[in-house]
Amino acid sequence: MKYFIFDDKFYARSDSFLNGAGPEDINRGLFKEGSVCVSVVNYAPKVIVTSETNLKTKEEAILREFDDSFVVQDERIRSNTFQVVGVENELIKQIYAAFKELKVVSVIPYGLALRAYLNSMNLVPVNRVIVFIDNFGDKIFLTFINDKVYSKASRIIHNNKQETLTEIKRYVQNFSSQQKNEDNNDSPYFFVTNSKEIHNLLLTHNVVKPEDSAFINEAFPAIEGHSTAKFDTHFLLPEDLIRLRRLQHLKNRMKYAAGSLVCLGISLLVFFNGVIQKSLSSRKFNSLQVGLQRANEDLNIQNTKHYKDYFFKRIKPTSAFVIFEFINNIPEDQIIQNYSILRNNNGWKFEGIITAETKSSSLKNFNKNGIFKNALVEYIVLSDKPSQRIILYFN
């Protein structure tokens, strides 16, 4: 894997590569095979705040910041805050064209690669804004990194020490003004540079204190950061991005269509199954209803004859009246399981149990008429059948 930094020229950490080569130089066959990763310096970063749950609002905010001439990537900074970075289409095409013989694996913003390097080196002080000064010989790139948010890389021509120092101060002052206007946050700065000369210049002119600065001995920290971290951000060619979006849109439509067909199939299956079951249940219910009516008629006749003889021969007329009232209040399609009349301290207690004829039969409420107007009715289950226990106290 080969790693490059690209502004208008290419830079690499390699003895065999001449830094400052243009896309046309690489096109001449400098690299024949392999894969490449590129950190692009010329990018436009924006921070947008949008609804945490409404992705459409985020897309609309991005469209307001960037038109179709940019390839855009976004990164969530906080719950409803995103850093959006755009790179011009023509610049992306130049990168891919320069490495047309190779596989371009990753194209990311230069500031993102710097942030990854600082994280790997534990050079991210809490509540400090990092001013990163990256030395490229005749020029330097100055980048501000505040927590996860990174600024664009500002190019400063490095021909004169005093002019370089003045430009650094100016950029820091401008950034401070923006921070106060936007966030009212005046965070102290921490300077990091890979130029010993610029580091000494900052210290000798009292721009920064030694404890607020660091010198790193790394020629290309962005390349080091790009090679040691993994990134979700990747700038594709505009045509590849359009093709990918169309493919994703087609996949979403296919998923929606498949889901609709499955739902339709299930609905039809449930509908026809319901129709069949309803028809079978209706026939069975009609048959059971006829049989039950006949059985109840026979049972009523037998019960009346049996209990009438029993009542008048074996128990007192008062108790017999209670039992007759009990039988008269039993709903149709219900049968007697048992009954009893027992003496208690206050008089007599009648207790009877009625059940539905079958387990599948519905339970009809006992009619609380006559002397059973104040009877206590309990709903119970007897032999897996819905049942009712009727209790009446009388003198």
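Structure notes:
- The range 319-332 residues that are under 19 Å from Lys364 (Cα atoms) and surrounded by fewer than 14 Cβ atoms within 10 Å (Cβ to Cβ), paired with ones that are modelled with pLDDT under 85 and not small (Gly, Ala, Ser) (beta carbon under 8 Å, 6 or more apart): Glu332/Asn296
- When the range 6-60 is filtered for residues that are within 31 Å of the chain's Cα centre (by Cα), among the basic types (Lys, Arg) and modelled with pLDDT under 85, the ones remaining, listed by number, are Lys56, Lys58.
- Tally, over the range 86-145, of residues that are within 26 Å of Leu165 (Cα to Cα), outside any loop (DSSP other than H, G, I, E, B) and touching a residue at least 24 places away in the same chain (Cβ under 8 Å): 22
One line per residue, one yes/no per condition, for (1) at pLDDT 95 or above; (2) among the hydrophobic types (A, V, I, L, M, F, W, C); (3) assigned by TED's automatic domain parsing to the domain that holds Leu202:
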| site | (1), (2), (3) |
| --- | --- |
| Tyr96 | no, no, no |
| Phe99 | no, yes, no |
| Ser106 | no, no, no |
| Tyr110 | yes, no, no |
| Leu114 | yes, yes, no |
| Val131 | yes, yes, yes |
| Gly137 | no, no, yes |
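- Residues of the range 350-395 that turn out to be at pLDDT 90 or above, basic (Lys, Arg) and either touching a Pro at 6+ places or on another chain (Cβ under 9 Å) or under 14 Å from Asn338 (Cβ atoms) (or both), as a count: 1
- Subset of the range 354-395 (residues that are part of a loop (DSSP other than H, G, I, E, B) and of a type in the set (A, V, I, L, M, F, W, C)): Leu363, Phe366, Ala375
- Conditions (1) over 19 Å from Thr233 (Cα atoms); (2) crowded, with 18+ Cβ neighbours inside 10 Å; (3) among the polar types (S, T, N, Q); number of the one not met by Asn122: (2)
The values are calculated or read from the model by the stated rules, or taken from the named source; none is laboratory data. This structure is a prediction, so every number in the text was calculated from the model and none was measured. Methodologically, a virtual Cβ is constructed for each residue, glycine included, from the backbone with ideal geometry; neighbour enumeration extends over all protein chains shown.
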